[in-house]
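Below is one structure, written out as C-alpha cells; the observations come after it.
Every read-out reported here was derived from the displayed coordinates using simple, explicitly stated rules and does not represent laboratory data. Values in this document were obtained by computation on a predicted structure and should not be read as measured data. No Cβ is skipped: glycine too gets one built from the backbone with ideal geometry, and neighbour counts run over all protein chains shown.
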Amino acid sequence: MRRILTLGATIALGLSTMFAATPAQAAATGYDRCPQGYLCLFSDNDGNGTMAYFKFGSPDLRGQSMDNRASSFANRSGQGFSAYLDYNYQNCVLGLNAYYTAGENLYHWWNADNTFSSVKAGSC
Ligand SMILES: [Ca+2]
C-alpha cells in the first residue's frame, strides 16, 4: 500500500513538472496587441507604448488617455476612420484607411503625430 501511494505521488509530481515546463504563450507586443474589428492608437512609434482601441470612435481622446499622444495606429476595423485635431470631430487631420491593418507610424504624415484629439469611423 505504501508503495502505491509513493508511486502516485511521483506521477503527480511528474505531471506538475510537465505543465510547469510548458512555455507560457508569449504576450502580444506592438501592433500585434490590436484586436480584429478595432481601430487601435498607440502612444509610441511601431505600435509600442499605451494602446487605446475603438469600435466607433471617441469625441474626446482624453477619456482614453490618448489626447495628443497617438504616434502610430493599426486599423483592423474593416472600415476607414478619420482623425481630428480637436475634440468633437473638429478639424479633420487624417483619414485612417482600412488598408493599414499591419500598422503605420504617424510621423509619415505632416501634422499628424501627437495631435489627434478625437477619432471616428467614416471619412472626414
Ligand atoms: Ca489635438
Computed Rg/Rh for segment 23-115 (Cα atoms; Rh = Kirkwood radius) stands at 0.96
Lys and Arg at +1, Asp and Glu at -1: neighbours of L39 with Cβ under 10 Å from its Cβ sum to +3
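So, counting K/R as plus one and D/E as minus one, what does the shell of residues with Cβ under 13 Å around A98 add up to?
0
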